[in-house]
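Here's the structure we're looking at; comments come further down.
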Amino acid sequence: MKQSAPFSALARTLEDVRSTRSKNEKVRILAAYLSGLQPEDAETAARVSTGRSSKRGSKDEAQVGYSTLLEVVKEVTGARSEQVSKAYLRHGDLGEVAEGLLGEKKEQTLFQEPLTLRDLEDTFAKLRSTKGKGSSVTRRALVKSLILRATPIEGKYVVKVLTGEMRTGLVSGLVEEAISQAYSVQKEEVVRAHML
């Protein structure tokens with residue numbers, strides 16, 4: 001099995017996409033990134049780029065609330081509630097808050113391995129399948145495992161995907177165009193495949 005692509009490269013790509021207003025440039029940046037990925041990683045990257053942790057039409061979602069995300073970020077960083085509140089008032093975006101606070105982690109993992117797209121997909125799958133009694137504790141632990149391993153920019157996009165608030169300007173239609181460009185496929189075929 002080939003090594004999965006690092007999540008950090010997708011996070012940097014999303015930052016580049018976010019920094020331009022040009023729709024054509026957004027499509028070009030994402031297409032260039034997607035073209036170098038193996039199929040499983042490309043599927044995850046395309047979905048995450050639109051702010052989805054699950055496939056379109058899926059009845060299962062990650063079901064992670066703001067309060068869980070805030071508590072995990074506070075726990076990992078040691079930030080006090082006042083710090084988080086000030087950061088949120090300044091940014092108005094929980095992902096930006098996470099990025100700002102994650103530069104000062106108080107907790108670390110024993111073995112620091114970079115996050116990959118496969119790690120992200122596997123954790124999102126576990127979040128989607130966790131249901132019933134005790135599921136909130138399990139989901140919290142899964143989110144914490146991602147945040148602990150994440151760099152500040154990766155943490156930003158983990159939070160953005162889980163809240164569904166990407167704010168990069170990449171809507172489904174632009175991601176479809178990027179896939180079309182990346183793999184030299186007619187856009188109509190990409191749209192049809194996405195619908196299916």
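The values are calculated or read from the model by the stated rules, or taken from the named source; none is laboratory data. Remember, predicted model here, so these are calculated numbers, not experimental data. Here the Cβ positions follow ideal geometry from the backbone for every residue, glycine too, while neighbour counts run over all protein chains shown.
Structure above, values below:
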read-out	value
Matching residues in the stretch 64-96 - criterion: being assigned to a loop (DSSP other than H, G, I, E, B) and among the small types (Gly, Ala, Ser)	GLY65, GLY78, ALA79, GLY92
Hey, LEU102 surrounded by 21 or more Cβ atoms within 10 Å (Cβ to Cβ), closer than 21 Å to LEU146 by Cβ and of a type in the set (A, V, I, L, M) or not	yes
Residue list for the stretch 151-177, filter: under 13 Å from ALA31 (Cα atoms) and modelled with pLDDT of 95 or more	none
Output for the stretch 97-127, where each listed residue is part of a helix (DSSP H, G or I), in contact (Cβ under 8 Å) with a residue 24 or more places away in the chain and either farther than 18 Å from PHE7 by Cβ or in contact with a helix residue (DSSP H, G or I) (Cβ under 6 Å, 6 or more places away or on another chain) (or both)	VAL97, ALA98, GLU99, GLY100, LEU101, LEU102, GLY103, GLU104, LEU117, LEU120, GLU121, LEU127
Answer from VAL97, VAL84 - the residue that is outside the structural domain of GLY51 (by TED's automatic domain parsing), surrounded by 18 or more Cβ atoms within 10 Å (Cβ to Cβ) and in contact with a Phe, Trp or Tyr (Cβ under 7 Å, 6 or more places away or on another chain)	VAL97
In the stretch 154-187, residue nearest to PHE7 (Cα to Cα) [restricted to those that are surrounded by fewer than 18 Cβ atoms within 10 Å (Cβ to Cβ) and aliphatic (A, V, I, L, M)]	VAL171
Residue satisfying condition, being at pLDDT below 90 and outside the structural domain of GLN38 (by TED's automatic domain parsing), within set GLU113, GLU121	GLU113
Of the criteria (1) out of contact with any Ser or Thr (no Cβ under 7 Å at 6 or more places or on another chain); (2) outside any loop (DSSP other than H, G, I, E, B); (3) among the hydroxyl-bearing types (Ser, Thr, Tyr), which one THR138 fails	(1)
Among the residues listed as LEU146, LEU174, the single one being of a type in the set (A, V, I, L, M, F, W, C), more than 16 Å from LEU34 (Cβ to Cβ) and either assigned to a helix (DSSP H, G or I) or without any contact (Cβ under 8 Å) to a residue 40 or more places away in the chain (or both)	LEU146
